[in-house]
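FYI, it's all coordinate maths here, none of it is from the lab. Predicted model only: the values in this text are computed from it and were never measured. Glycine also receives a Cβ, built like all others from the backbone with ideal geometry; neighbour counts cover every protein chain displayed.
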Ligand SMILES: Cc1cc2nc3c(=O)[nH]c(=O)nc-3n(C[C@H](O)[C@H](O)[C@H](O)COP(=O)(O)OP(=O)(O)OC[C@H]3O[C@@H](n4cnc5c(N)ncnc54)[C@H](O)[C@@H]3O)c2cc1C
């Protein structure tokens, strides 16, 4: 038993690492400062096939798997999290529901452009009234003739308002289950559908070069054929999508945590205090050793969850463990890296400042740390 990567995985990791270092690192600070979406980088990521990584060639994908996506996310986030979350949300939340649950027509219509990165899709689950309790959806969809009529709103939706966003898949209550609970279904709402409004970009703390929007649905009409999968299966669908997504967010968190190690080692060698590099102090060395330990153990956790998922084994608990551990590790590493940088760590020109701002959301998005603990405890029989 060993955790070495195959030649294919290694080659992918190297090419994404080179892209992140050579193409993303030199320009992303400016996009971040100006809160601009990096269309040109996204186009290049599309050309590299990153948006099609886990999808079959039949739909324009690369024929890889979910672990390949995770490796790419880790390498991107090692340099910048805005581009990493753009890829994560586009693939894991935007395209994956169509790939896993969509009809052949939906796959043929939407997936090729998504796989090439020419278009993005978003997944609208969270509502202003609450995200953790995702079953408490208030958005409603009713059948009128051969159309769904959707009313409600969604908040914090990634990739929902870019110039290249094609559609948002939204969860909505479409009736009542036999047990009397809400029947939830997923429905595709194409961009530009009358009554579908996308609000201005939020003023965020981090992920400043990624796109996050509030969405409003006012008598929005879409064909019945825009239902994704079976009616009433929306809840089960998003549970699956979120279970997988947690592994991806864990990978992204590991990338950020490792980037903090990289930057800290570099800085500790060059910065001098009291007549010698600060890295010669054991206090600094131990901080970096702890950071590396956290990044390494978090990586093993997501590798394990991904391996179980690809083997078709249960992976819910392991995905939650990986997401919980890795996101908390990212926050801890970002705090330590900023500390090692002293006052410069508080200046936006240093990558660790960006990493610090970008780390906190990892403990919140795609299930908060409390939600991960609830999932783990439930799986342990509580
Ligand atoms: C930048 C960004 C991008 C996002 N992208 C997307 C996206 O693309 N699609 C999407 O659908 N959503 C997205 N989200 C939403 C995100 O998933 C939610 O913010 C998250 O799930 C938490 O929901 P909430 O914000 O409503 O917090 P709440 O659910 O209101 O939780 C508030 C606090 O209460 C805690 N809490 C809640 N219930 C319990 C409980 N039973 N026990 C203990 N503690 C509890 C939570 O852990 C949290 O600490 C995004 C959010 C952000 C900020």
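When you restrict to C-alpha pairs under 8 Å that are six or more residues apart and normalise by the size of the chain, the relative contact order lands at 16 percent.
Taking the chain as the reference, fit the longest principal axis to its C-alpha atoms, fit the long axis of helix 104-115 to the helix C-alpha atoms, and give the angle between the two in degrees, 0 to 90, nearest 10. That helix lies at roughly 30 degrees to the long axis. The convex hull of the Cα atoms of the chain, projected and averaged over all directions, covers 19.7 nm². Between residue 13 and residue 144, the C-beta separation translates, for a Förster distance of 45 Å, into a calculated FRET efficiency of about 0.35. Rounded to the nearest 500, the 222 nm mean residue ellipticity of the chain from helices alone is -15500 deg cm²/dmol, with -39,500 (n - 2.57) taken per DSSP H run of at least 4 residues. Taken as Cα centroids, segment 27-58 and segment 197-230 sit 20 Å apart, rounded to the nearest whole angstrom. Segment 357-382 and segment 290-340 have their alpha-carbon centroids 12 Å apart.
Across segment 34-174, the mean sequence separation of Cα contacts (distance under 8 Å, 6 or more residues apart), normalised by length, yields a relative contact order of 23 percent.
Taking 7 Å steps out from each Cα toward its Cβ at residue 65 and residue 193 produces label points 3.5 nm apart.
Among 286, 67, 31, the largest mean-square fluctuation in a Gaussian network model of the chain (Cα springs under 10 Å) belongs to 286. For the pair residue 230 and residue 283, a Förster radius of 56 Å applied to the C-beta separation gives a FRET efficiency near 0.45, rounded to the nearest 0.05.
Modelled this way, with points 7 Å down the Cα-to-C-beta line, the labels at residue 57 and residue 348 are 4.5 nm from one another.
Based on Cα contacts under 8 Å between residues 6+ apart, segment 70-147 shows a relative contact order of 21 percent.
Here the scattering of segment 273-345 is modelled by Debye summation over its C-alpha atoms, one equal scatterer each and no solvent; at q = 0.11, 0.19, 0.20, 0.28 Å⁻¹ the log10 of I(q)/I(0) is -0.39, -0.77, -0.81, -1.17. Overall, the ratio between the Cα radius of gyration of segment 1-43 and 2.2 N^0.38 Å, rounded to two decimals, is 1.58. Taking 0.36 nm per residue of sequence separation and removing the Cα-Cα distance, the residue 271/residue 240 pair yields an extension gain of 6.5 nm.
Pairing the Cα long axis of helix 316-340 with the longest principal axis of the chain, what angle in degrees results, from 0 to 90 and rounded to the nearest 10? The answer is roughly 40 degrees.
The overall shape of segment 60-160 is oblate: from the C-alpha gyration tensor, with semi-axes ordered a ≥ b ≥ c, the ratio a/c is 1.5 or greater and a/b is no larger than b/c. Quick check on segment 1-109: take the gyration tensor over C-alpha atoms, sort the square-rooted eigenvalues as a ≥ b ≥ c, and tell me if it's rounded (a/c under 1.5), prolate or oblate. Note, shape of segment 1-109 comes out oblate. For segment 304-382, the Stokes-Einstein estimate of translational diffusion at 25 °C and a viscosity of 0.890 mPa s comes to 176 µm²/s, using the Kirkwood hydrodynamic radius over alpha-carbon pairs.
At an R0 of 35 angstrom, the distance between the Cβ atoms of residue 382 and residue 205 translates into a FRET efficiency of 0.60. With each label modelled as a point 7 angstrom along the Cα→C-beta vector, the residue 300-residue 132 pair spans 3.0 nm. Overall, the anisotropy analysis places segment 118-251 in the oblate class: the square-rooted eigenvalues a ≥ b ≥ c of its C-alpha gyration tensor yield a/c not less than 1.5, with a/b not exceeding b/c.
Expressed as an acute angle from 0 to 90° and rounded to the nearest 10, what is the orientation of the C-alpha long axis of helix 282-310 relative to the principal long axis of the chain? With rounding to tens, the tilt is 30 degrees.
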